[in-house]
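Peer 1: Structure in structure tokens, see below.
Please treat every number below as a calculation from the coordinates, not as lab data. Bear in mind that the values here come from a model prediction, so they are computed numbers and not experimental data. So basically every Cβ, Gly included, is an ideal-geometry build from the backbone, and we count neighbours across all protein chains shown.
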Amino acid sequence: MFEGPLTESIIGRARDSGILEVHTHDIRDWGLGNYKQTDDEPYGGGAGMVMRVDVIVSAIEDVMAMDERTAHRVYLSARGETLKQEKVETLASNTERLILLCGHYEGIDQRIVEGGWIDEEISIGDYVLTGGELPAMVLIDTIARHIPGVLGKEVSAHEESHSAELDRKKEYPHYTRPDVFRDIKVPDVLLSGHHAEIEKWRRANLS
């Protein structure tokens, strides 16, 4: 699932140039028995399956041992804190290495969290997905934008929607050529060359 979004465009170029490293690991590699079992029925009954604590902890510990850098471990979960730009900036500036655990089915055995093998849980919204892969890709993409060299111009990662520079508001509208398209004109101030007035207009059009 990760190959398409994380091998193309800006993220793909960043990986090719060595600015960004992304490694994926199949939980089933740590599965148990001939069928590589990774989940089991929940205690107390109920629908769905739960990812096993022994399998997940073994995977996390082995992945942590693959790199000597300190890792911040995130479980992508519907129960987690909703991802916002402030969290993205914190992770990007304070974290050298991330380990992302993608949940499946009814989730993971809670002892994985209680035992300290997860540092925090993050959600990308108040809805439920079939797995944690898409949220993990969202988190990778949005953090990668803040790594120096990933974007063409460093200012691009700062003066955009929800950034501190724009007071956490949504970015102002953008226009380009032609000046007039089907009787719809670009605002005159943007064509004026008056930088102070352009900045004033942009600030007034944050939402």
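Peer 1: Please list, ordered by chain and number, the residues whose modelled amide H lies under 5 Å from the amide H of residue 77; skip anything fewer than 5 residues away on the same chain.
Peer 2: Correct list: 122, 123.
Peer 1: Along region 125-135, what does the Karplus equation 6.51 cos²θ - 1.76 cosθ + 1.60 (θ = phi - 60°) give for ³J(HN,Hα), rounded to whole Hz, x for Gly and Pro?
Peer 2: x, 8, 7, 10, 10, 6, x, x, 5, 5, x
Peer 1: Quick check: convex hull over the Cα atoms of the chain, volume per residue in Å³, rounded to an integer?
Peer 2: Convex hull volume per residue, Cα atoms: 178 Å³.
Peer 1: Based on alpha-carbon centroids, what's the gap between region 67-120 and region 8-52 in Å, whole number please?
Peer 2: So the two Cα centres are separated by 13 Å.
Peer 1: Label points 7 Å out from Cα along the Cβ direction at residue 21 and residue 1: separation in nm?
Peer 2: 2.4
Peer 1: Another question, if that's okay. Of 194, 174, how do they rank once you tally other Cβ atoms within 10 Å and put the fewest first?
Peer 2: 174, 194
Peer 1: Give a residue-ordered list of calculated ³J(HN,Hα) values for region 178-187 (Karplus: 6.51 cos²θ - 1.76 cosθ + 1.60, θ = phi - 60°; whole Hz; x for Gly, Pro).
Peer 2: Using θ = phi - 60°, the values come out as x, 4, 10, 9, 6, 6, 9, 9, 5, x Hz.
Peer 1: A further question on this structure: Give, in nm to one decimal, the length gained when the segment between residue 70 and residue 207 is fully stretched (0.36 nm per residue of separation minus the Cα-Cα distance).
Peer 2: Value of the extension gain: 45.5 nm.
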